[in-house]
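The next block holds one structure in the form of structure tokens; read it before the comments.
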Amino acid sequence: MRIDLKLLLLSILFILSRSLTVKSGTKSVKSSLHTNWKQTSLFAETSEYLATENEDNFWEFVKKVHERSNGSRNSQQYQYETSVAIAKELLPHSEMGLLRLSLSMRAMSPRVEMHRRLGSLLKPDNCDDFFVFEGQSGCNLDELDTSTKTRIDEEVFEFDHIYPVGSTALKTIVIYGELGSYQLKLLVEKARELADSKNDLRFVLRHSIPNDSLQSLVSLSGYGVELAMKNTEYKAVDAQNNDNEPENLHGLNFRILNERHKQYTNQLELLRENLEKTGEIVPLKSWQLSDIGFKACQKIAEDKDLDVTEKMLQDFPLHANEVSNVHFDNYFKMTVKQYIEVMKSKGIGSGKNILAVNGIIVGTENKKTDVFTLINTLKAEQKAIIEFSDMGFGSEIDLSRLISSVDLSPMEYTGCDYALDYREALPSYLNDLESSSEQLGSLDTLLEPYPPGQVRRISRNIFTVIIISDPFEQNDDIFKMVEAYVKHGIHIRVGLVPVFDERRNGMTVSDAVRSKQVSAEKQSFWKSQDDLLSAIHKGNQFLKKSGLSNYPITLLNGYPLNASAATFEKKLFFAIDAHTANLQYALYTGTLQNDVNISDWFLSRETNPDFLGRVSGRIKTAFNEKRFVNFDASFENELTYLSRDGASLNADVTSWVVADFDTKAGRKLAVEILKSSAVEDNNKVALISNPKDIHKKCTSDSDTLILEELKSIEEIITALQSEGFSSVCSVKNASNVFSVTGIHPGEMATASNGMIIGPLIDEDEMISEDFDYLNGQWMKKNAEVIASVLNYEFRNDVSIQFYSTLAKIKNQNMKRKDFSAFKDFEQINMVSYPPQDLKSQCITVTWVVNPLSREAQQIVSIVKLIRSTVNARIELIFNPLDRISEMPITRFYRFVASNELSFDEDGTIENHSAIFANLPQKQLLTMSMQTNDAWMIEVKQAEYDLDNIMLETSAGDVEGVFSLEHILVEGQSNYLSGQATHGLEIELQSREKVYDTIVMLNLGYFQLKADPGVWNLRLRNGESEERNEIIEVDSKNVGDNIRIFVDSFAGKWSILTVKKRQKPEETLSSSILSIFESAKNYFLPTEDQSEVINIFSLASGHLYERFLRIMIVSVMKRTNTKKVKFWLLKNYLSPKFKEAIPLLAEHYGFEFEFVEYKWPTWLRQQTEKQRIMWGYKILFLDVLFPLNVDKVIFVDADQVVRADLQELMDIDLKGAAYGYVPFCESREEMDGFRFWASGYWKDHLKERRYHISALYVVDLKTFRSLSAGDELRGRYFVLSIDPRSLANLDQDLPNQMIHEVPIESLPQDWLWCETWCSDSSKESAKTIDLCNNPLTKEPKLDSAQRIIPEWKDLDEEIFAVLAKENKTIDPSKVEL
């Protein structure tokens, strides 16, 4: 009895001695990521970085490396230090930090690897550095015969380094080698000698890696790692014989205690549970969450230390109590809330994160910051700082604010800016709501309440949709949509304007009308070919005048809608709501009367300030092309400017007219711009004579106009319009017009703030109305603010120089945002970190921060990285959520990046890794990698279950080693009409590797796996290739041999333009050839997919992988008729499973293949791993499998199959894309949990059943032909806006879409689960699924062994097979 009492006292004392706060231990979690290619030379990577500056730097670097290297193998540390030392001689000091960061990130390694792979098959056996020339290859250029007549040219690519720089010589030597080697030095020297002595010879240098180079792989950085706290409601840890429960817990051995004190079993179990909880994180209570977002901001402001902030955010679950206890300042909260409202008014929602560099947004909630792209952004901004510093801008000027004030990003007509008079195009109307006999509806009805997104049923042409499109386009999806609206009684008027681009289509309008077929739905619009021809001419004229392009184009009441078929409906009804609001306001204020013709009201300047008579397409083109003058101070000093009295030295808009003023067109252009620009208070114009005869001089003949003799702009306009003279001159002829503007003698153009518009061909291409619009655009781009700053800082005219310099910055293609309005004057709502060099100009990094967010955990590390790399001022503007009702961050996070490489004592690069120390030892965690959007990775090494990490149960540190397996090639594919080429089959090939996919309707998106290298892009043989051809890639014309270069960790994004082939008339000979081709294909030994049972499944974590193995074996034991192939989602499988599956496949005779797909960035992503996996079950079925797979059965990992799945393969889906089993409804005690039996689901499903997603059959051919994947993704995108929707994503989505994408109900006996089905129905079950039971919450492992009699036997059998087949492992360590 004394021992028992002692035990109890010890236990009580032990509990009292322990705090209920989280205790962390010494064991940690570590993660690393490497490439699947070997180490690349740091010499090579540095040379590639320098080549992005200019090719001369590349060749100078190569020369200096060979001068300083001893020719032997150099350590990585030596390469690094030598590279940095040489680069200091070639780069400005301010860029050295970016070079070090680039080398640390190994940013150029894919480009070097691409070079190596090009030469890998050409390398001679006896040397590592070699040359290739017209079919010859060798180690020494003395062997080269340049007189050979055989021309087998080695292809030269746009990324190649050519010597002499820019040479177009006909003969090319290609040299492969490792920089720094003695042999390469000799090759390069000899090649230089040959190229310098022969005009028809050049050489190219590519990188190669010696066979005996470092075998280690490239360690990567620039990614994040998360350890998310798992929900333990349903136990999902693999526990074979309770191995995962430790004997010793906080020093107490419960196995021994239980053996010695069996009478206290229940008390000891209670003690164990209490001790286990001391190692878990306890969520904050609701009262602790009050104002916690503002408290976190206040703590950041008080700490003013990015290291402390990073630690707090990335380990927030450990710091939550500390933050909740911050002594709160109400004035701080009031000020922060005031500016949150200001941000809301400018479109920045509460709780949003934005990261910007000099106003360029590089990271948001929906756009992860890509560090590899960030390096290029920082490099361009650094260049801009240097350029402007050279102009005279000192450190006292906030250059970043000045730069971000100007928006030189491409113009996109969104429909919100202006309205065009489409009536000039004489549209043909499908309907007319005012032509019916019924009385016209009253506009006052618009003031009555009505559901948003719906059109009021008023018999008036209130909303007119005009579609401008090619009448011969057979798949005009937008027209089909609006036609359906009209048929369903939606009150919109629809008009059609036909257009035809002769250049695109390679034929005249007349030829097209005679030879092409008008689409069936449009044939009734024109009675004859002459009517159609006339209509197209009218349409083309309107298109030219309006400045619109890339038809099809849709106008709503004259306002352009920038919408594709995929986005049209959403944008149309959003615009209708906006127009309704405008009309309501006009009715309310009395500016719109009931008897007004609405079309006239929208298309009149008197009633609609947005109305424009015309918009020159030249203006849009100019802003998009950004061709600016080459600033020349001496040239500008020659000019005489015309302006009103009092105009500033640096005007808001400075315009040049470049023309031959001896011509009528030249004089007219001058008049038009003077009428517009020069009459404004702070604009000025220079007339620059550009005669065909550049030697012509300005004379004082009586019929010559000398501008300096006239006193006012009005006099000049009058003189230019008169017919009494033949020549017009400036005070001086500008002799170097072409070198400054690129405009040839005699050509006509204008330059606005240095931006060139021209050459202009037609005298009516630009009129005063166009210049009014152009000047208005400059005002929107803050030209007035820029002029005032320049006038304050400079005593000379620098406006042209400023804009020309700004235009050189590559990043001007990106929109910039000015954040100054969001900063409190006293800086209460923000915290600033000054630049390290206060005397030099700096980059400004602005972070609009919601600290308690997942995004903030990454951004804080990136901000630190930028600050350590470049001279930067850091500004944090607080934007917390006002109300937080649950723990805002439930994960630990690390971002892996360093601003410089580090080396071990041998001079070898030390690997990057994420390390989580001091974690709660009893918290169940799951690891996920947050990588670049273009990366496909997989785990290569992991002793422990990374999906269920509990440090208390591990013998040591938990480590996961991941590998970068693929870099993605992504993009969009559209027809000439702008419509997505959905269903188009595309292939990417490099030597023996081939990857294929189909183009989605969603944005015309496609995704292909790739690696560093040169790839061939093509249409897949068959219908896609026969009916289509790719004519442009990234706006460049292409032929049959389309090259895609994968040379960056950022991946490759390409825009494809596809043209439909003319369908040739089938002849007898072509029919015979077709028969022979079919016969040939019939006898080819290709696998018939109908002879294969294809099964798709997925799993994550050792327990579910154990279930998956059992499911696979249960299938094989029941299937005897045909070959079985398992398609397993690779994304989350462990190394142990991937080692085991080939052994099982060999033993049981099945095939398997891993499939993978990267969740596209444009499709709203899930954050929880389980929900991500649910998404993969339903969202990507059309693109996940090879295109020759026609049918697949999904079987959940935790099922046991008791029937031959050939029955499901043969089942008739009756035209549906897929078939699911309905939920059982026979277990009455679960009625209260059947959410689908009442409320929303009951109303939505109507007479249909709610189906379970544990087992379903997909007819992939039908699925793809119906664009079911696109439909599902589109609906998912809309519903996922609300995070509370789609609670069971993989199940709710197909059931929600049941009326649009019908489900064929499979027989009930195909899926039985104890939770929902009666015991009596179990006997006939063909599969048994381990559904979670919300009533009992029984762990899966327990329910599996209890419910399925054969489960344990299958488990033990698999254990024995794996132990027998894998002789290299200890059978006792085989995990079931």
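A simple packing score, the average count of other Cβ atoms within 10 Å per residue, orders the peptides 531-542, 1170-1181, 651-662 as 651-662, 1170-1181, 531-542, with the highest score first.
Taking all protein chains as they are arranged and a probe of 1.4 Å, the heavy atoms of Ile386 leave approximately 60 Å² accessible to solvent. What is the sum of charges around Arg1020, taking Lys and Arg as +1, Asp and Glu as -1, for the other residues whose C-beta is under 10 Å from the C-beta of Arg1020? Neighbour charge sum, excluding Arg1020 itself: -4.
Peptides 219-232, 1142-1155, 589-602 ordered by packing proxy, namely the average of other Cβ atoms within 10 Å per residue, highest first: 219-232, 1142-1155, 589-602. Between the helical axis of 265-277 and the longest alpha-carbon principal axis of the chain there is an angle of about 20 degrees.
Mean sequence separation of contacting Cα pairs (under 8 Å, at least six apart), scaled by the length of the chain, corresponds to a relative contact order of 13 percent.
Under a model in which nothing but the beta-carbon of Lys, Arg (+1) and Asp, Glu (-1) is charged, the range 547-672 shows a dipole of about 320 debye around its Cα centre. With each label modelled as a point 7 angstrom along the Cα→C-beta vector, the Glu193-Glu1023 pair spans 6.3 nm. Against the main long axis of the alpha-carbon atoms of the chain, helix 477-487 sits at an angle near 80°. May I ask for the net charge around Gly180, where only other residues with Cβ less than 10 Å from the Cβ of Gly180 are counted and Lys, Arg are +1 while Asp, Glu are -1? Charge balance in the 10 Å sphere: +2. Rounded to the nearest 10 degrees, the inclination of helix 1102-1118 to the longest alpha-carbon principal axis of the chain is 80 degrees. For the range 992-1052, calculate the relative contact order in percent as a whole number, restricting contacts to Cα pairs under 8 Å that are 6 or more residues apart. Averaging sequence separation for qualifying contacts and normalising by length gives 33 percent for the range 992-1052. Residue ranges 422-432, 371-381, 1027-1037 sort as 371-381, 422-432, 1027-1037 when ordered by packing (mean number of other C-beta atoms within 10 Å per residue, highest first). Couplings 3J(HN,Hα) of the range 82-87, computed from phi: 5, 4, 5, 5, 5, 4 Hz, in residue order, whole Hz [Karplus 6.51 cos²θ - 1.76 cosθ + 1.60, θ = phi - 60°; x for Gly and Pro]. Note on Lys692 and Val994: with the Förster distance fixed at 51 Å, the Cβ-Cβ geometry gives a FRET efficiency of about 0.35. Using 0.36 nm per residue and subtracting the Cα-Cα separation, the extra length available between Thr26 and Tyr182 on full extension is 51.2 nm.
Here His488 and Asn594 are evaluated by their C-beta separation; at R0 = 45 Å the FRET efficiency comes out at 0.95.
Shown here for the range 1261-1306: chymotrypsin sites (Phe, Trp or Tyr not before Pro) in loop regions (DSSP other than H, G, I, E, B) with at most 15 other Cβ atoms within 10 Å, of which there are none.
How many nm separate the modelled label positions at Glu905 and Glu1365, each set 7 Å beyond the Cα in the direction of the Cβ? The answer from the label model is 4.5 nm.
Using 1/(1 + (r/R0)^6) with R0 = 22 angstrom and r between the beta carbons of Thr567 and Asn366, what's the FRET efficiency to the nearest 0.05? The calculated FRET efficiency here is 0.90. Backbone phi angles across the range 311-318, fed through the Karplus curve with coefficients 6.51, -1.76 and 1.60 (θ = phi - 60°), yield HN-Hα couplings of 5, 5, 6, 6, 10, 4, x, 7 Hz in residue order; Gly and Pro are listed as x. Computed on the Cα trace of the range 1117-1164, the radius of gyration divided by the Kirkwood hydrodynamic radius gives Rg/Rh = 1.12.
In this label model, Arg1284 and Tyr1240 are separated by 0.9 nm, measuring between points 7 Å along each Cα→Cβ vector.
Compared with the direct C-alpha span, the chain from Lys1214 to Thr1336 gains 40.1 nm at full extension, assuming 0.36 nm per residue.
Based on the Stokes-Einstein relation at 4 °C and a viscosity of 1.567 mPa s, and on the Kirkwood radius from alpha carbon pairs, the range 1202-1305 is assigned a translational diffusion coefficient of 87 µm²/s. On full extension, the segment bounded by Ser147 and Ala85 gains 18.2 nm, given 0.36 nm per residue less the C-alpha separation.
The values are calculated or read from the model by the stated rules, or taken from the named source; none is laboratory data. Only a predicted model underlies this, so the values are computations on that prediction, with no experimental measurement involved. We place every Cβ from the backbone using ideal geometry, glycine too, and count neighbours over all the protein chains shown. Heads up: the accessible areas ignore ligands, DNA and RNA and are worked out on the full protein's heavy atoms, side chains in. Shrake-Rupley method; radii C 1.70, N 1.55, O 1.52, S 1.80 Å.
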